[in-house]
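Written below as structure tokens is the structure these notes are about.
The values are calculated or read from the model by the stated rules, or taken from the named source; none is laboratory data. Computed from a predicted model, the values in this text were never measured in an experiment. Cβ placement follows ideal geometry from the backbone for every residue including glycine, while neighbour counts extend to all protein chains displayed. What goes into the accessible areas is simple: the full protein's heavy atoms, side chains included, and nothing from ligands, DNA or RNA. Shrake-Rupley method; radii C 1.70, N 1.55, O 1.52, S 1.80 Å.
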Amino acid sequence: MSLISDNLQAVSQHIRATEKQYSRPPLEVKLLAVSKTFPVQAIIEAALWGQVAFGENYLQEALDKIQFVRENQPALALEWHFIGPIQSNKTRAIAENFQWVHSVDREKIALRLSEQRPATLAPLNICLQINISGETSKSGVPPAEAVELALRIASLPNLRLRGLMAVPEPSEDVAEQRAAFAALRQIQEILKQRGLALDTLSMGMSSDLDAAIAEGSTMVRIGTAIFGKRDYAK
């Protein structure tokens with residue numbers, strides 16, 4: 001077995017054990033392998049060991065990988081998730097090439113994604129990004145504005161609002177971690193009461209994975225624990 005396969009197995013086992021610890025239904029938490037900055041060969045290797053969903057932050061890098069996999073590994077039915085900040089001039093390429101977008105935080109971006117999603121493709125799965133900790137350096141809609149924006153996005157054609165995403169302010173205090181994730185879950189509950197059929201809470205990374213699962217995460221975003229240390233100098 002390779003290092004990536006060993007890592008995938010270890011991460012998956014940890015997720016399953018944490019589900020059990022917090023009385024979550026088995027297999028409810030999905031693993032999103034964050035493959036930004038890692039070579040496409042690493043993605044293919046992970047995919048051959050059963051990983052399906054991959055998250056990318058940088059559009060051109062992601063498009064190169066998507067094209068390479070399509071041309072060289074057409075049997076791999078991968079699920080591509082865009083998780084980085086979105087500029088208006090990037091929406092068409094995202095709408096045409098991804099199955100999920102986790103980082104929508106403006107109605108303008110949602111409108112463009114809806115308008116530019118090809119009719120031949122299934123609706124684009126959307127997570128509304130919430131700035132749950134109120135950090136000025138982070139993207140995301142303020143919690144107080146989240147419900148109104150979510151309702152508007154849910155009405156757009158060619159999009160399917162699946163849930164919410166957040167990257168809380170880093171903390172080593174588990175109680176603080178859980179409080180931030182609980183706040184996101186509470187916003188989702190409000191939206192469900194308003195009639196939205198949401199099924200996704202994209203929250204939790206390597207440093208706060210357990211707290212996220214404890215508070216209801218259905219999708220955790222894990223990168224270095226699978227692929228190794230990133231080299232941003234490349």
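Worth pointing out:
- Residue-level accessible surface for residue 49, protein heavy atoms, 1.4 Å, Å²: 130
- Helix-only CD estimate at 222 nm, as mean residue ellipticity for the chain, using -39500 (n - 2.57) per DSSP H run (n ≥ 4): -13000 deg cm²/dmol
- A straight line joining the Cα centroids of the range 17-79 and the range 186-210 runs 21 Å.
- Probe 1.4 Å, all protein chains present, accessible-area order of 190, 132, largest first: 190, 132
- Stretched out straight at 0.36 nm per residue, the stretch from residue 192 to residue 137 would grow longer than its current Cα-Cα span by 16.9 nm.
- Accessible surface for residue 210 stands near 60 Å², nearest 10, in the context of the full protein assembly shown (1.4 Å probe).
- Per-residue SASA entry for residue 37, accessible area with 1.4 Å probe, Å² rounded to 10: 40
- Shape category assigned to the chain from the gyration tensor of Cα positions, a/c cut at 1.5: oblate
- With a simple spin-label model that places each label point 7 Å from the Cα along the Cα-to-Cβ direction, the separation between residue 22 and residue 57 comes to 2.3 nm.
- Considering only 84, 216, 50, the mean-square fluctuation computed in a Gaussian network model of the chain, springs between alpha carbons under 10 angstrom, is largest for 50.
- Taking 0.36 nm per residue of sequence separation and removing the Cα-Cα distance, the residue 107/residue 3 pair yields an extension gain of 33.3 nm.
- Using a cutoff of 8 angstrom between alpha carbon atoms and counting only pairs six or more residues apart, the relative contact order for the chain works out to 20 percent.
- Entry comment: accessible area of the range 97-234 is 46 Å² per residue, from protein heavy atoms only and a probe of 1.4 Å.
- Carbon + sulfur, % of accessible area of the chain - ligands and nucleic acids excluded, 1.4 Å: 51
- Across the range 31-48, rounded Karplus estimates of 3J(HN,Hα) from the backbone phi angles (6.51 cos²θ - 1.76 cosθ + 1.60, θ = phi - 60°) give 9, 9, 7, 7, 9, 4, 6, 8, x, 4, 5, 5, 5, 4, 4, 4, 5, 5 Hz, Gly and Pro being marked x.
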